[in-house]
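To start, the structure under review is shown below, and the notes come after it.
The values are calculated or read from the model by the stated rules, or taken from the named source; none is laboratory data. Here the structure is a predicted model, which means the values were calculated and not measured. Methodologically, a virtual Cβ is constructed for each residue, glycine included, from the backbone with ideal geometry; neighbour enumeration extends over all protein chains shown. Ligands, DNA and RNA are stripped out before the accessible areas are found, and what is left, the full protein with its side chains, is counted by its heavy atoms. Shrake-Rupley method; radii C 1.70, N 1.55, O 1.52, S 1.80 Å.
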Amino acid sequence: MAERIDFSQRALLEEQMDGPCSYEELRQCLRDLAWVNRLTRAHRPIMQWLEEVAHTQSERDRPLRIVDFGCGYGDMLRRIERWAGRRGVAVELIGVDVNANAIRAAREATPASSRIVWINGDVYAGAAGGDLDVVTVSGVLHHLAEPEIIRFLQWAEQTARVGWCIVDLHRKPVPYKVFNVIMRGGWWHPYIRPDGLTSIRRSFLAEDWERMCSAAGVDASAVEIREHKPARLCVRRLKAA
């Protein structure tokens, strides 16, 4: 049986909060994290990459099947769904998280008219099926050990027919200092600031991603690593049409 890797937002919260958290507390934290993502334009790198994907796949005769792992509150997929509607791109969107409460929060935050499928399941256990075009993951991998990240890169490369896109934090001192100041406001959940600072300290530089991609057997010439301000690195792989 494949080893389970916990992409759960609840697990990440409990890691920082030194114990279990209630569903209500989890939901509030995820809401606040969604606002942080919006304020820091965390979704922009994936949206820009998807524009390139849509261009290369313009002649396809079936929907683009996109899976977001560690989807948490689901704000990434809701944005993709709005983009696809405006752009006229046929998509099938699937959010996967191993924690049932994260999936519950994502469902509750999603309009009834949405066609996003939310799945509580393991990233490697085929929860989304093997028929995948695009794999995305945002703001999760810095919580994993390097061997686990390498394993995920291998899996994404083997599974995604069209390509994969990873967005994570960029380990730089200026974003750390700025985040430390602006997150002191009492309107944020108290978890947000310490988790964000810990996450920046645990995140990566471009050379880290180059090393991990190489260890995963992914051709360096096929991977593009881009800095996106503030404080994001995007690791992108778009396969030939």
* Structure fact -> Those residues of the stretch 108-122 which are of a type outside the set (Gly, Ala, Ser) and either modelled with pLDDT under 95 or open to solvent by 70 Å² or more (accessible area, probe 1.4 Å) (or both) amount to 108, 111, 115, 117, 119, 120, 122
* To do: Return yes when residue 184 is under 28 Å from residue 32 (Cβ atoms), open to solvent by 80 Å² or more (accessible area, probe 1.4 Å) and modelled with pLDDT of 65 or more and no when it is not.
  => no
* Asked: Of the residues that make up the stretch 63-70, is at least one over 18 Å from residue 159 (Cβ atoms) and open to solvent by less than 70 Å² (accessible area, probe 1.4 Å)?
  -> no
* Structure fact -> Subset of the stretch 108-143, residues within 16 Å of residue 80 (Cβ to Cβ) and charged (D, E, K, R), comes to 115, 133
* To do: Report yes if some residue within the stretch 11-30 is under 22 Å from residue 170 (Cα atoms), in contact with a strand residue (DSSP E or B) (Cβ under 7 Å, 6 or more places away or on another chain), at pLDDT 85 or above and part of a helix (DSSP H, G or I); otherwise report no.
  => no
* **Whichever residue in the stretch 91-107 is open to solvent by 20 Å² or more (accessible area, probe 1.4 Å) and touching a helix residue (DSSP H, G or I) at 6+ places or on another chain (Cβ under 6 Å) and, among such residues, is farthest from residue 121 (Cα to Cα)** => 91
* Output the residues belonging to the stretch 60-95 that are without any contact (Cβ under 8 Å) to a residue 40 or more places away in the chain and not in a helix (DSSP H, G or I). => 60, 61, 62, 63, 88, 89, 90, 91, 92, 93, 94, 95
* Asked: Could you give every pair whose Cβ atoms fall below 6 Å, whose first residue belongs to the stretch 137-153 and is surrounded by fewer than 24 Cβ atoms within 10 Å (Cβ to Cβ), and whose second residue is among the hydroxyl-bearing types (Ser, Thr, Tyr) and assigned to a helix (DSSP H, G or I), counting only separations of at least 6 or pairs across chains?
  -> 142/199
* residue 53 being β-branched (Val, Ile, Thr), modelled with pLDDT of 95 or more and within 19 Å of residue 238 (Cβ to Cβ) -> yes
